[in-house]
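Below is one structure, written out as structure tokens, with a few remarks after it.
The values are calculated or read from the model by the stated rules, or taken from the named source; none is laboratory data. For clarity, every value in this text was computed on a predicted model and none was experimentally measured. In this analysis, Cβ positions are derived from the backbone assuming ideal geometry, glycine residues included, and neighbour counts consider all displayed protein chains. For the accessible areas, the whole protein counts, side chains as well, though only heavy atoms, and no ligand, DNA or RNA atoms are used. Shrake-Rupley method; radii C 1.70, N 1.55, O 1.52, S 1.80 Å.
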Amino acid sequence: QVQLVESGGGLVQTGDSLRLSCAPSGRSFSTYAIGWFRQAPGKEREFVATIDWSGSSTSHADSVKGRFTISRDNAKNTVDLQMNSLKPEDTAVYYCAARPFTIAVVGGDYYYWGQGTQVTVSS
């Protein structure tokens, strides 16, 4: 069992940056791939970015490529999502999720989920 905790959300203006972090509670997640997903009100959950257990393989959704970057530091036991040039359409609850080793872009392939952190981008 892996419990995940997201942090770093908040209210920002268009063009600002935020850095979200995902950390496990009580154990290491160095053998897990981590994905970030988001869900806006009235919309389905969508894939944002994922990184494999070693940090050598990543994937980002087309909607965030060039603006968001996923990274991990297994020594510090964290996975971060750096979000730059934020837009109002990035407003959503952001969730991190874990699955063994390899990346995946489908939420159903992840075993464990955090509670989410709210990101609101005002225009």
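Worth a mention:
- Taking (1) touching a helix residue (DSSP H, G or I) at 6+ places or on another chain (Cβ under 9 Å); (2) among the charged types (D, E, K, R); (3) exposed (fewer than 14 other Cβ atoms within 10 Å of the Cβ) in turn, residue 38 satisfies each apart from (3).
- Of the residues 4, 81, 86, 20, the single one that is under 15 Å from residue 111 (Cα atoms), open to solvent by less than 30 Å² (accessible area, probe 1.4 Å) and either touching a residue at least 40 places away in the same chain (Cβ under 8 Å) or among the acidic types (Asp, Glu) (or both) is 4.
- Filter pass, residue 26 being open to solvent by less than 60 Å² (accessible area, probe 1.4 Å) and either among the aliphatic types (A, V, I, L, M) or touching a strand residue (DSSP E or B) at 6+ places or on another chain (Cβ under 8 Å) (or both): no
- Long-range neighbours under 9 Å by Cβ, at least six apart or interchain, first residue free of Cβ contacts under 8 Å to residues at least 24 places away in the same chain within the range 34-54, second among the hydrophobic types (A, V, I, L, M, F, W, C) and open to solvent by 60 Å² or more (accessible area, probe 1.4 Å): 54/101
- Residue in the range 49-61 that is open to solvent by less than 30 Å² (accessible area, probe 1.4 Å), within 15 Å of residue 119 (Cα to Cα), of a type in the set (A, V, I, L, M, F, W, C) and modelled with pLDDT of 95 or more present: no
- Wholly enclosed strands (runs of 3 or more DSSP E) of the range 60-123 bearing at least 1 residues aromatic (Phe, Trp, Tyr) and within 13 Å of the chain's Cα centre (by Cα): 68-73, 92-100
- Inspection of the range 97-119 identifies no residue that is on the phi > 0 side of the Ramachandran plot, surrounded by 14 or more Cβ atoms within 10 Å (Cβ to Cβ) and of a type outside the set (Gly, Ala, Ser).
- Among the residues making up the range 31-53, a single one is β-branched (Val, Ile, Thr) and assigned to a loop (DSSP other than H, G, I, E, B): 31.
- Single residue of 28, 56, 21 found to be among the hydroxyl-bearing types (Ser, Thr, Tyr) and not in a loop (DSSP other than H, G, I, E, B): 21
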